[in-house]
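The values are calculated or read from the model by the stated rules, or taken from the named source; none is laboratory data. Note that the structure is a prediction, hence the values are computed from the model and not measured. In this analysis, Cβ positions are derived from the backbone assuming ideal geometry, glycine residues included, and neighbour counts consider all displayed protein chains. Calculation scope for accessible area: heavy atoms of the full protein, side chains included, ligands and nucleic acids excluded. Shrake-Rupley method; radii C 1.70, N 1.55, O 1.52, S 1.80 Å.
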Amino acid sequence: MTIALETTPTAVPEKRKIVDRRSIGDRIFRKGVTAGAMTAFVVLSMIAALLFFRGFQIFRAFGLEFITTSRWEDVDGTVQNAQFGVAAMLLGSIIVAVIAMVVAFPFVVSSALFLEFYVPGKIKAVLVAVLDLMAAIPSIIYGLWGYLVLMPLASGWAASINKYLGWIPIFNVDFDNFEASPFVSGLVLALMILPIAMSVTREVYSRAPLDQIQAAYALGGSRWGAIRAVVIPFGRSGLVGGMLLGMGRALGETVAVLLTLNLVFEVKFQILASAGGSVASLIASRFGEASPLELKALMAAGLVLFLLTLVVNFGASTIVNRAERRVK
Amino acid sequence: MSSNDVVIPERQKPWINRTASVREMVAPVVIAAVLAGVLNLVTGLAGLLGYYLSFVICYVIVAAVFGLRHDKVKGVDKLASAAIVLGFATAFIPWVSILLTVIRRGWPTIYGGYFTTDMRVTAADDDLGMGGLSHALVGTVLMLLVASVISIPLGVLTAAYITEIRGRLAGFVRIMIQSMSGVPSIVAGLFIFATVVSRYKFSGIAGALALSILMLPTIARTAEEVLKLVPEEIRSASYALGASQMATTFRIILPAARSGLVTASMLGVARVAGETAPLILTSFYSAIFSLKMFGEPIGSLPMYTYQNFGVGTDTALTRAWGGALVLMVLILILFTTARLVGGRTKK
């Protein structure tokens, strides 16, 4: 191994300079794309800031009462004589969204399991496409259908629930009018949030570890045994996240609720009675004839709704992201 | 084939049942259907829904009994399976009802002039052979076009930031997009109302801006998924040949993902085409055919439906369903196109 030393030394080429600085064009490009990507942040902060400033007068005049009281009166357009409070609407929004979640829950689980473990691949692809389309049905159509088709049926169901379970406080009513109740709205919303909640849940279920499912079968378990022992525990956080995402949607839904709910400014827990609340629908319904002062109150209500959905959605996406990252 | 080749069998998904006989699947259904018919006649569960309810109860019981003939495990399995299948089927019923109702109730409004006339001389209560929704259709299309022009580039840039630039803020940007997708549509409308409408009146451009806020997150998220699918090798090859990052992105990556990006855009458009709440606050409604996007209200399909629903008489309600039908068809077309374009890439 000494041969190399005998050869005459050749000129060693000079080291090439490695440039790791980006060209001017690229730097401008990166700045530009970064600026574009900030749009979401800019829009979100502008929404929050603007609604806050427009509603500032209301927050200053009523303070916490804006959230804890539920009178909505604008006498002559002056703050002194007016009273604004969204308690009933805020609580109503939450009640309707919770009803939607409770009703949708069994269907979300069963549909996600059905699509993932019961249908062959080709039919599944078709069904998933159909469900995506369902998620795109406009809320106005859900509202129309809810008002004209579902409400006559659902108020009948509500009447029988009231008849047999009326001794439970939430199923009690003061007088027999079961139309346009939080129950009816909640049913419509349950239908609307089903596709989104289901697709998130299905996504997480589909990543359930195959080894463990095979192990469950190998131990003599049935299909349901494998699902119960492996898939459902595995997908629990994905399911919670999906349901929360759906709840975020339900809280912000306007038109479908506006068409199927009778807005009443009174805190009530009787879900079958024809009286409920929804912040989003309040804004849409009062907007047309609002005085400048009431408009400010609606902006303030908009901010409350915005922050509420932001918190719910943030929680939901954190849970979903964590569930999905754990798998990778 | 040499003997050294080891054939690795594909991993089996054990839940795919290859031995289920048709008879085993059909028999419980038939028995339950008959039993439900009996229940339907003798008990209070009358009508179509009553029949379905009794069928659900009977099927679950019959399926469980079929399973119990083997053993308890099989019985529980059949019971759970029946519940799962019926859960899905039940969830589907309302959607079928929605589709059928929209078609059945909206169909009477459709006639030749429905797409060429507006409502300037026709009242919501006039006979169905008069007036139409050309004003609403053109308003919706115009607003969607303007909203797309704003949101598609921004959405693609956002996705490109996450997949191409891969800057420090990628996680932050993704969180912001997720939060933005949760903004209630009425809040987006309120925001545009406070910034644009309160100064420049109701206008189509205000409606388009509100829609673009709602469209952006869908496009950005779908585009991100699409750009992630572009193989890393293509990027490396482009850089190795000395291309700048700008050239790589615009001339290699985006063209490679073109059809996927079209799909992302279409899905974004389909998602907002039927938004009503923000339009109440921004573009409002006009019954007159107009191409003017500034300074005056403009019609739109959702608002046409909403407005006619508000009138409340039979003819007006039929018109509302007519608007809903046209809207559904529009969304269906957008969706199918998106699927077809997107499907072509994978092959």
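Restricting the search to the stretch B:184-194, which residues are within 7 Å of another protein chain (Cβ to nearest Cβ) and of a type outside the set (S, T, N, Q)?
The answer is B:P184, B:I186, B:V187, B:L190, B:F191, B:A194.
Out of the residues in the stretch B:68-120 meeting the condition of being acidic (D, E) and within 13 Å of chain A (Cβ to nearest Cβ), tell me which one is most open to solvent (accessible area, probe 1.4 Å).
Restricting to residues being acidic (D, E) and within 13 Å of chain A (Cβ to nearest Cβ), the top hit is B:D71.
Condition first: surrounded by fewer than 21 Cβ atoms within 10 Å (Cβ to Cβ) and touching a residue at least 12 places away in the same chain (Cβ under 8 Å). Can you find one or more residues in the stretch B:207-217 that meet it?
Scanning the stretch B:207-217, I find no residue that is surrounded by fewer than 21 Cβ atoms within 10 Å (Cβ to Cβ) and touching a residue at least 12 places away in the same chain (Cβ under 8 Å), so the answer is no.
Can you find a residue that is more than 14 Å from chain A (Cβ to nearest Cβ) and in contact (Cβ under 8 Å) with a residue 12 or more places away in the chain anywhere in the stretch B:159-174?
No, that holds for no residue.
Regarding the stretch A:234-246, can at least one residue be identified that is surrounded by fewer than 24 Cβ atoms within 10 Å (Cβ to Cβ), in contact (Cβ under 8 Å) with a residue 24 or more places away in the chain and more than 19 Å from the chain's Cα centre (by Cα)?
Yes: one or more hits.
Identify the residue in the stretch A:113-139 that is open to solvent by less than 40 Å² (accessible area, probe 1.4 Å) and among the β-branched types (V, I, T) and, among all such residues, is farthest from B:G268 (Cα to Cα).
A:V119
Considering each of A:R16, A:R54, A:R30, A:R22 in turn, give the residue that is more than 30 Å from B:M215 (Cβ to Cβ) and surrounded by 10 or more Cβ atoms within 10 Å (Cβ to Cβ).
A:R22
For the stretch A:248-260, does any single residue satisfy the condition of being open to solvent by 10 Å² or more (accessible area, probe 1.4 Å), out of contact with any Pro (no Cβ under 9 Å at 6 or more places or on another chain) and within 10 Å of chain B (Cβ to nearest Cβ)?
Checking the stretch A:248-260: at least one residue is open to solvent by 10 Å² or more (accessible area, probe 1.4 Å), out of contact with any Pro (no Cβ under 9 Å at 6 or more places or on another chain) and within 10 Å of chain B (Cβ to nearest Cβ).
Among the candidates A:A208, A:A226, which residue alone is open to solvent by less than 20 Å² (accessible area, probe 1.4 Å), farther than 30 Å from A:Q270 by Cα and either outside any helix (DSSP H, G or I) or acidic (D, E) (or both)?
Going through A:A208, A:A226 in turn, the sole match is A:A208.
Looking only at residues in the stretch B:141-155 that are open to solvent by less than 20 Å² (accessible area, probe 1.4 Å) and within 11 Å of another protein chain (Cβ to nearest Cβ), which one is farthest from B:E275 (Cα to Cα)?
The qualifying residue farthest from B:E275 (Cα to Cα) is B:G155.
Being open to solvent by 30 Å² or more (accessible area, probe 1.4 Å) and under 30 Å from B:N308 (Cβ atoms) is the filter here, so list the residues in the stretch B:233-286 that pass it.
Correct list: B:M266, B:L267, B:R271, B:F284, B:Y285.
What is the one condition in (1) surrounded by fewer than 24 Cβ atoms within 10 Å (Cβ to Cβ); (2) not in a loop (DSSP other than H, G, I, E, B) that A:S274 does not satisfy?
(2)
Report, by residue number, each residue of the stretch B:287-329 that is crowded, with 24+ Cβ neighbours inside 10 Å, among the basic types (K, R) and not in a helix (DSSP H, G or I).
Across the stretch B:287-329, there are no qualifying residues.
Conditions: (1) surrounded by 13 or more Cβ atoms within 10 Å (Cβ to Cβ); (2) touching a helix residue (DSSP H, G or I) at 6+ places or on another chain (Cβ under 6 Å); (3) assigned to a helix (DSSP H, G or I). A:F105 meets all but one. Number of the miss?
Failed condition: (2).
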